[in-house]
Amino acid sequence: MKKGKKLYEGKAKIIFASAEKNLIIQHFKDDATAFNNLKKSTIEGKGILNNRISEHILTSLKDIGIDNHLVKRLNMREQLVDFVDIFPIEFVIRNIAAGSLTKRLCIEEGTILKNPLIEYYYKNDELGDPLVASEHIYNFDWASSQELKLITNQCLRINDFLQGMFRGVQIKLVDFKVEFGKRKSDGKIILADEISPDTCRLWDANTERKLDKDRFRKDLGNIIEAYQEVARRLGILHEQNTNVRPIKFSKPTAVKIRKK
Ligand code: UDP
């Protein structure tokens, strides 16, 4: 697929036009940012891992009827995806308290939530992506109540599926962020963006070792090894593809590697 001009460059991804007007190319960079861009770094190989992990998750979601923007992975760093008009909202789904929730409401990290908690954040870097209520979303026409209801239902279905998928490989899905958009070709509301260790909190089920971007946010080291461990457990990556050694766990965990 021929790559067209650059349409947008974000913190971790670049969007290019493709040969077809309703499809775009999503390129995964190695750049990492945190705390509203205050902390920046390049983590070699991260883009390759996120491309593969997100492809695996979005393909699995499509298999259970959750439509999303992924058309196909093109190469190590790029995916062909549906062009969407993105809702200016980040949807965060939480199962266990961590991150901003623990700080805002003084909840101890690791507290299991009674029910999955869905939060809405207004996508605006200058404002630092503030938490908003559904009433703000309706009032400012970011989405209608019908659209929000549909998206909220999808979030819960995605959460159920991902929790089970990760539990199956001894990983707790603590929380994650998703984005939705209206597909330009037909106006359907679909899941977009990515789902990867950059956008989820993933803890090893036995040791609670963090296997996600918190290793970068909190300077815990071994970032790429943790992302690779997630990919290996999901059975989607050959070790030689990333040029890094797998993370060493005190208790080795069973790893399934798909033979290609
Ligand atoms: N998250 C994300 N992008 C953002 C903000 C949050 O992918 O711009 C993810 C984050 O990785 C975590 C979840 O959303 O899995 C909840 O993040 P939280 O609100 O706790 O914010 P943080 O601690 O990252 O500031």
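For residues that are under 28 Å from N139 (Cα atoms) and more than 11 Å from the ligand (Cβ to nearest atom), scanning just the stretch 83-107, find the one that is surrounded by the fewest Cβ atoms within 10 Å (Cβ to Cβ). Once the filter is applied, the top-ranked residue is L105.
Looking across the stretch 12-45, just one residue is assigned to a loop (DSSP other than H, G, I, E, B), under 18 Å from K123 (Cα atoms) and without any contact (Cβ under 8 Å) to a residue 24 or more places away in the chain, and that is L38.
How many residues are more than 16 Å from the ligand (Cβ to nearest atom) and either of a type in the set (D, E, K, R) or assigned to a helix (DSSP H, G or I) (or both) when one looks only at the stretch 166-207? The number of residues fulfilling the criteria is 6.
Considering each of Y138, Y120 in turn, give the residue that is closer than 20 Å to N36 by Cβ and of a type in the set (F, W, Y).
Details: Y138 fails: closer than 20 Å to N36 by Cβ.
Among Y138, Y120, only Y120 is closer than 20 Å to N36 by Cβ and of a type in the set (F, W, Y).
Go through the stretch 214-226 residue by residue and tally those that are in contact with a helix residue (DSSP H, G or I) (Cβ under 8 Å, 6 or more places away or on another chain) and part of a loop (DSSP other than H, G, I, E, B). Explain how you work it out, then say what you get.
Our first condition is that a residue be in contact with a helix residue (DSSP H, G or I) (Cβ under 8 Å, 6 or more places away or on another chain); within the stretch 214-226, this holds for 214-216, 220-224, 226.
This time we only want the ones that are part of a loop (DSSP other than H, G, I, E, B), so: 220-222.
Residues in the stretch 214-226 being in contact with a helix residue (DSSP H, G or I) (Cβ under 8 Å, 6 or more places away or on another chain) and part of a loop (DSSP other than H, G, I, E, B): 3 in total.
Of all residues in the stretch 68-99 being in a loop (DSSP other than H, G, I, E, B) and in contact with a strand residue (DSSP E or B) (Cβ under 8 Å, 6 or more places away or on another chain), which is nearest to D193 (Cα to Cα)? Per the stated criteria, the residue is H69.
I'd like to know if the stretch 144-158 contains one or more residues that are buried (at least 20 other Cβ atoms within 10 Å of the Cβ), part of a loop (DSSP other than H, G, I, E, B) and away from the ligand (no atom under 13 Å from the Cβ). No, that holds for no residue.
Values quoted throughout were computed directly from the atomic coordinates according to the rules given, and no laboratory measurement underlies them. This structure is a prediction, so every number in the text was calculated from the model and none was measured. All Cβ positions, even for glycine, are placed from backbone atoms using ideal geometry, and neighbour counts span all protein chains on display.
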